[in-house]
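This report concerns only the one structure given below.
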Amino acid sequence: MSNTHQDISLTDTVAEQNLRLQLQSTEILLRQSETRLARSQKIARMGSWEWDIPSGDIYWSDELYRIFGLPARQPATITVDWLYTLINPLDLASFKKALRNTIRNGVPLDTNYRIIVGHDEEIVVNSQGEIEYDDSGSARLLSGTTLDITARIRAESQIQKLINYDSLTGLPNRTLLHDRLHLATAQASRDKLVLGVLMLDLDRFKAINETLGHRAGDKLLKAVAKRLQACFRDSDTLARLGGDEFVAILTGVSHEDSITTVAKKILAVVSEPFYIDGAEIFSTCSIGIAVYPMDGDDSHTLLKHADLAMYQAKGLDRNNFQFFSREMNNIVLERMMLENSMRKGLERGEFFLVYQPQVDARTGSIFGMEALLRWQHPDLGLLLPDKFINLAEENGLIIPLGEWVLRCACRQNKAWQEEGLPPVCVAVNLSAKQFGQYHLDELVAATLLETGLDPEWLELELTESMLMKDIEQNATLLKKFKEMGISLAIDDFGTGYSSLSYLKNFPISRLKIDRSFVQDITTNPDDAAIARIIIDIARALNLNVIAEGVETRAQMQFLSFNNCVEMQGYLFSRPVRAEVFAELLRNGLNP
């Protein structure tokens with residue numbers, strides 16, 4: 001019997017030991033699980049919690065204390081009212097509403113809110129939870145997790161910033177502008193107010209970029225943006241479209257005079273000098289204005305009309321503002337049509353040259369000619385250069401157009417020589433953009449080689465303003481032309497810088513007296529005096545001098561008397577097509 005009791009006792013002892021081992025193992029596994037959970041929560045920046053609603057007791061995991069910037073288990077007792085003190089006051093109402101909705105309606109808790117941690121720092125958290133009810137249907141337990149989503153919110157905010165804001169100036173970009181303009185037009189319609197849309201573009205910004213570099217250009221844009229912001233109210237919107245274009249939306253405007261006041265203020269602040277990298281930069285801008293609802297009732301139309309008005313402002317000497325109008329719209333649309341058809345016109349052979357004789361008034365003989373460009377537009381008819389040259393300068397088409405003019409003039413002159421006609425020099429105008437071309441000397445040399453024209457029968461006409469942009473570099477370029485045997489003339493002399501110092505630096509062979517001085521040379525003493533001075537300068541520097549725009553015998557006699565015998569103008573011949581000029585070379589001018 002005793003042996004049996006001993007066996008039972010021994011069995012119980014083994015069972016107890018096994019149970020203790022199992023309990024120890026389970027406890028170890030539980031602690032490992034808790035450790036893993038705590039580690040996972042720490043990595044995920046997620047804490048767990050439970051709220052015993054009847055008693056008000058709240059349990060927080062260690063990670064939740066860390067998330068909230070608190071020492072572990074401090075405070076030991078957590079209440080809902082204490083939690084409310086940590087929540088940003090701006091988010092507290094929505095947090096309480098979400099909590100009530102979960103408790104009353106059983107809707108899962110899912111809310112974002114800001115928590116004040118440390119020294120007035122904030123984090124953004126997301127709390128999710130599930131509600132449990134007792135048998136009577138009363139809320140018993142709310143449990144869930146709280147996740148630190150600060151990094152995610154910041155990343156999303158940064159993405160939104162990249163989507164909606166210009167990275168250089170920090171201003172709203174095109175995307176946000178359209179949203180703001182859509183809302184602004186809706187509000188203006190509701191409040192029966194007008195709305196101003198201002199499109200502004202910096203004048204000659206490309207030249208600043210090319211001269212000082214893109215880094216300085218970016219600094220200038222940031223400085224301009226800062227000044228512009230001072231011109232607007234918080235309720236207005238200033239955006240950057242890209243490049244040097246900005247758009248402003250003026251809201252709550254009762255009258256157009258208010259828009260005019262802002263436009264004048266913008267012109268004033270932009271025209272004040274900027275100091276970039278030690279350089280003083282002067283800038284101006286052109287502003288186009290469209291007004292809702294008169295100039296359009298949607299954002300697309302308003303922006304288009306403001307853009308058209310801005311181009312009109314640029315065409316009026318810049319540094320001004322223009323309101324959109326139907327008449328102006330027609331002008332700008334015609335300009336846009338010209339721009340679109342210009343490239344096709346060059347491809348289709350719509351451009352052609354005419355030639356105006358240059359005459360020795362003593363003998364009446366032709367010693368040269370000026371090649372002049374014309375455009376036979378299929379819809380607008382014959383167009384003179386004043387209708388399209390400035391546009392070609394702006395859109396860059398002057399480069400291929402200028403190359404075509406040079407090649408065509410050289411080829412035609414060579415063809416006349418091969419026909420046995422008296423050889424004469426052909427003068428070709430160079431535009432500012434052409435003159436700034438890289439390796440222009442090589443282009444001219446290649447054209448002469450291609451056409452077979454000897455350089456002595458080509459004269460390049462330049463303006464004073466062109467030459468003064470970079471005197472040292474231009475002097476080197478002109479020297480190369482001179483070494484080739486090409487003649488160089490200053491066109492419209494006296495209308496530019498009126499500085500004579502550059503004449504000593506450049507190998508010029510001829511000065512041209514501008515037609516504006518010749519027109520009233522016999523009736524206006526000032527024009528007569530200027531003409532005499534130009535002739536005297538040319539003689540003193542051993543240069544030829546030619547007067548253009550000679551239309552009357554009185555003008556011819558005055559010029560001849562004052563030792564200017566080279567002339568061109570309607571008195572001798574209008575510019576004529578190649579076949580007519582060939583006859584003039586063959587038979588001479590009509591007496």
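Nothing in this text is a laboratory measurement; each read-out follows from the coordinates by a stated rule. If you're wondering where the values come from, they're calculated on a predicted model, not measured in any experiment. Counting neighbours? That spans all protein chains shown, and the Cβs are built from the backbone with ideal geometry, glycine included.
Numerical summary
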{"read-out": "Solution diffusion estimate, µm²/s, Stokes-Einstein, segment 412-524, Kirkwood Rh from C-alpha pairs, 20 °C, viscosity 1.002 mPa s", "value": "140"}
{"read-out": "Placed amide H near E551: partners under 5 Å, 5+ positions off or other chain", "value": "L571"}
{"read-out": "Filter on K206/K469; K433/K480; K304/K433; K469/K512 - keep pairs with C-alpha separation over 23 Å", "value": "K304/K433"}
{"read-out": "Neighbour cut-off at most 12 other Cβ (10 Å), DSSP loop, GluC sites (Glu not before Pro), segment 408-455", "value": "E419"}
{"read-out": "In Hz, Karplus ³J(HN,Hα) per residue of segment 484-493 (6.51, -1.76, 1.60; θ = phi - 60°; x = Gly, Pro)", "value": "6, x, 7, 7, 10, 10, 9, 7, 6, 4"}
{"read-out": "Convex hull volume per residue for the chain, taking Cα atoms only, in Å³", "value": "296"}
{"read-out": "Antiparallel content of DSSP bridges confined to the chain, in %, to 5", "value": "75"}
{"read-out": "0 to 90° range, to nearest 10: angle between helix 299-315 axis and the chain longest Cα axis", "value": "30"}
{"read-out": "Computed [θ] at 222 nm, helices only, for the chain once each DSSP H run of length n ≥ 4 contributes -39500 (n - 2.57)", "value": "-15500 deg cm²/dmol"}
{"read-out": "Within segment 342-587, percent of DSSP bridges classed antiparallel, to nearest 5", "value": "40"}
{"read-out": "Within segment 353-380, backbone nitrogen closer than 16 Å to the virtual label 7 Å beyond the Cα of R574 toward Cβ", "value": "353-357, 372-376"}
{"read-out": "Gyration tensor (alpha-carbon) shape descriptor, segment 39-154, a/c threshold 1.5", "value": "prolate"}
{"read-out": "Residues of type aspartates and glutamates that K265 reaches as a straight line, Cα spacing below 20 Å, ignoring anything fewer than 8 places off in the same chain", "value": "D201, D203, D234, D236, D244, E245, E256, D257, D307, D317"}
{"read-out": "Gyration tensor verdict on segment 165-324 (Cα atoms; rounded if a/c is under 1.5, prolate if a/b is larger than b/c, oblate otherwise)", "value": "prolate"}
{"read-out": "Sparse-neighbourhood loop sites, trypsin sites (Lys or Arg not before Pro) in segment 66-161 - DSSP loop, at most 11 other Cβ within 10 angstrom", "value": "R73"}
{"read-out": "Cross-link partners of K264 among lysines (Cα-Cα below 20 Å; sequence separation of 8 or more within a chain)", "value": "K226, K314"}
{"read-out": "Charge dipole (debye, nearest 20) of the chain; +1 at Cβ of Lys and Arg, -1 at Cβ of Asp and Glu", "value": "420"}
{"read-out": "Phi to ³J(HN,Hα) by Karplus 6.51 cos²θ - 1.76 cosθ + 1.60 over segment 385-394, Hz, x for Gly, Pro", "value": "x, 5, 8, 9, 5, 4, 5, 5, 4, 5"}
{"read-out": "Antiparallel DSSP beta bridges within segment 165-324, as percent of all bridges there, nearest 5", "value": "90"}
{"read-out": "Helix 2-44 axis, angle to the chain major axis (alpha carbon atoms, nearest 10°)", "value": "20"}
